[in-house]
Amino acid sequence: MGGVEDGQPPSKRLRLSCAGSSSLSSSLRAEETVATGSLRDLMARPIQCQGEEEVIGSRGVIKRLEFVRLIAGALYALGYERTGACLEEESGIPLHSAAVNLLMQHVLDGRWDESASILQSIGLEDETIIKSAKFLILEQKFFELLDDGKTMDALKTLRTEISPLHIKTSRLHELSSCILYLPQSENGCARKDSLKGKSRSEVLTELQKLLPPTIMVPSRRLEYLVEQALNLQRGTCIYHNSSDREMSLYADHHCGRDNIPSRTLQILEGHQDEVWCLQFSHKGKYLASASKDRSAIIWEVGVNGEVALKHRLCGHQRPVSQVSWSPDDQQLLTCGAEETVRRWDVLSGECLQVYEKAGIPVVSCAWFPDGESVFAGFSDKSIGMWDLNGKELECWKGHRTVKISDLEITHDGKQIISICREAAILLLDRETQFERLIEEDQVITSFSLSNDGKFILVNLLDQEIHLWTIDGDIRLVAKYKGHKRSRFVVRSCFGGLEQSFIASGSEDSQVFIWHRSSGQLVDILPGHSGVVNCVSWNPVDHHMLATASDDRTIRIWGLNGANMRRSVCQSNGTHQCNGKL
């Protein structure tokens with residue numbers, strides 16, 4: 001019948017199945033079995049094995065029968081068919097019963113009537129499962145009949161075999177439509193994918209999901225359990241910050257503290273006053289910093305990891321409080337404190353556009369995800385959106401943002417996120433105007449959005465950092481403590497491999513790093529001589545961290561084994577902390 005594998009000999013189909021979907025075990029020999037015994041007896045017979053009740057392992061929780069079956073399944077999945085067959089024979093434990101093997105072979109051969117009838121006798125007790133499995137098998141029979149041009153036979157299958165199951169009514173109506181609109185299909189209007197048959201191996205995979213695992217062992221189950229164990233070890237390793245390819249099955253996984261950037265590699269001294277903000281570009285090639293000295297600097301990260309000054313951006317009349325990279329890293333927004341937003345070309349350092357509203361200072365800025373428009377928060381508590389040429393496209397008025405504010409737009413462009421009250425963050429749906437709130441008990445000083453757009457990191461006045469999920473229901477998932485913050489805006493960030501860490505500045509001149517999921521403090525980095533205002537973790541080089549301080553410097557941190565590089569753009573003078581000697 002028109003199935004995908006019909007052009008292949010049975011032996012070829014069997015080998016493909018072994019490689020892709022838990023294989024048929026060596027005990028198949030379907031025709032021999034049917035010839036030598038009653039099919040009813042064959043189907044009703046439980047799996048016989050030696051030591052069925054035995055357990056293995058130091059804790060006595062692993063059943064020998066299950067373990068051997070999983071090993072056999074893994075061997076077949078790896079293509080070691082003879083070895084898998086030897087294991088079944090020597091252990092006396094078959095991967096599947098002869099009846100299940102026969103069912104699998106019938107499916108691969110497209111013997112749909114035989115497949116449906118054998119379901120009754122493979123040990124299934126749940127009538128719902130039996131009906132669902134029959135529906136899956138007969139649906140494939142229906143599609144293959146249609147594909148072979150046997151419309152009346154397909155209609156008969158639908159009426160006399162599928163419909164009497166009395167399940168999945170809506171799907172039954174969809175199948176009926178294939179008959180009703182068959183003339184259009186024959187005239188070149190192809191059926192949509194949901195109304196087409198699967199390959200037979202895909203049907204077998206779907207069947208495997210329906211049947212209890214004791215009857216048909218899930219495909220690649222042993223691989224899944226090993227991966228689960230590795231993921232658990234990785235999740236509990238608070239220093240894990242390197243490629244998973246370095247993990248091994250030969251020993252329990254444990255990373256050392258040396259995987260965390262904790263050594264100063266460079267001190268960048270390009271600013272003449274306190275450095276308030278910094279941010280790596282999306283691809284990690286550039287670093288932008290903003291300072292009280294009314295300038296911003298674009299730094300370039302070399303192939304050897306050395307950071308060098310590329311452009312000094314001058315033009316703001318007030319201190320520069322924020323920076324924001326365009327999605328392609330080719331442009332940069334800088335926000336003057338209660339002043340204007342400027343857009344710069346990264347390659348040339350040229351100012352391309354100034355965004356402002358007459359008499360209304362700007363307090364924050366951000367890019368729209370398509371890179372074709374920019375957002376800004378204003379001191380009158382409104383949020384505006386411009387195209388690149390400065391034409392205002394939209395404006396949201398009301399309590400949308402506060403004087404000291406951060407502004408983010410989710411990657412799909414649907415939600416604008418801003419601090420709307422001292423202790424609340426607003427998530428505004430641009431299309432529906434639906435509003436959701438993150439409400440804290442303390443004053444919010446700053447926040448940042450995770451790369452996947454599902455979490456928000458909130459810095460609070462009471463020296464705590466809170467992690468909230470905004471994917472679905474809003475809820476608090478973690479708290480981080482230990483850093484100092486009482487007077488100034490101190491920013492934190494996500495970072496490391498899969499953003500598994502949280503880093504923050506501190507008013508005690510140190511940098512704090514926590515393990516994101518456990519909340520455990522991983523490291524404290526001394527070195528700065530003033531308040532650490534902002535931190536940024538390189539999104540590509542997980543071993544590179546940058547920190548900005550009131551001591552007018554930026555520190556680049558790397559692994560302990562790395563060599564310290566020279567300072568660049570040195571300047572002499574008295575270092576001040578927020579205007580105080």
Pull out all pairs, ordered by first then second residue, where Cβ-Cβ is under 7 Å, the residues are six or more apart or on different chains, the first lies in segment 154-175 and is open to solvent by 80 Å² or more (accessible area, probe 1.4 Å), and the second is of a type in the set (A, V, I, L, M, F, W, C) and assigned to a helix (DSSP H, G or I). K168/F135
Only one of S567, S571 is over 16 Å from S506 (Cα atoms) and at pLDDT below 50. Can you tell me which? S571
Can you find a residue that is among the polar types (S, T, N, Q), farther than 30 Å from L207 by Cα and out of contact with any Ser or Thr (no Cβ under 8 Å at 6 or more places or on another chain) anywhere in segment 229-242? yes
Just give me the residues in segment 77-90 being modelled with pLDDT of 95 or more and open to solvent by less than 20 Å² (accessible area, probe 1.4 Å), in sequence order. G84, E88
Name every residue in segment 240-269 that is buried (at least 22 other Cβ atoms within 10 Å of the Cβ) and touching a Cys at 6+ places or on another chain (Cβ under 6 Å), in order of residue number. H240
Scan segment 87-105 residue by residue and report those that are in a helix (DSSP H, G or I), touching a residue at least 40 places away in the same chain (Cβ under 8 Å) and more than 38 Å from the chain's Cα centre (by Cα). E88, E89, S91, A98, A99, L102
Could you tell me whether any residue of segment 152-167 is part of a helix (DSSP H, G or I) and closer than 18 Å to E202 by Cβ? no
When only residues in segment 106-127 that are in a loop (DSSP other than H, G, I, E, B) and among the small types (G, A, S) count, which is most open to solvent (accessible area, probe 1.4 Å)? G123
Do we have Q317 as within 30 Å of K381 (Cα to Cα), in contact (Cβ under 8 Å) with a residue 12 or more places away in the chain and open to solvent by 40 Å² or more (accessible area, probe 1.4 Å) here? yes
Picking from F143, F135, the residue that is surrounded by 17 or more Cβ atoms within 10 Å (Cβ to Cβ), among the aromatic types (F, W, Y) and touching a residue at least 40 places away in the same chain (Cβ under 8 Å) would be F143
How many residues does segment 493-533 hold that are outside any loop (DSSP other than H, G, I, E, B) and over 23 Å from N560 (Cα atoms)? 1
How many residues are under 15 Å from L393 (Cβ atoms) and either open to solvent by 10 Å² or more (accessible area, probe 1.4 Å) or of a type in the set (F, W, Y) (or both) when one looks only at segment 357-377? 8
Within segment 497-530, how many residues are open to solvent by 10 Å² or more (accessible area, probe 1.4 Å) and closer than 25 Å to D293 by Cα? 8
First in segment 453-477 and open to solvent by less than 50 Å² (accessible area, probe 1.4 Å), second anywhere and of a type in the set (D, E) and not in a strand (DSSP E or B), Cβ under 9 Å, 6 or more apart: G453/D412; G453/D471; F455/D471; V458/E440; L460/E440; L460/D441; H466/E440
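The values are calculated or read from the model by the stated rules, or taken from the named source; none is laboratory data. Treat the numbers as computed from the prediction; the structure is a model and nothing was measured. Note that we place each Cβ from the backbone using ideal geometry, even for glycine, and neighbour counts take in every protein chain shown. With ligands, DNA and RNA removed, areas are computed over all heavy atoms of the protein, side chains included. Shrake-Rupley method; radii C 1.70, N 1.55, O 1.52, S 1.80 Å.
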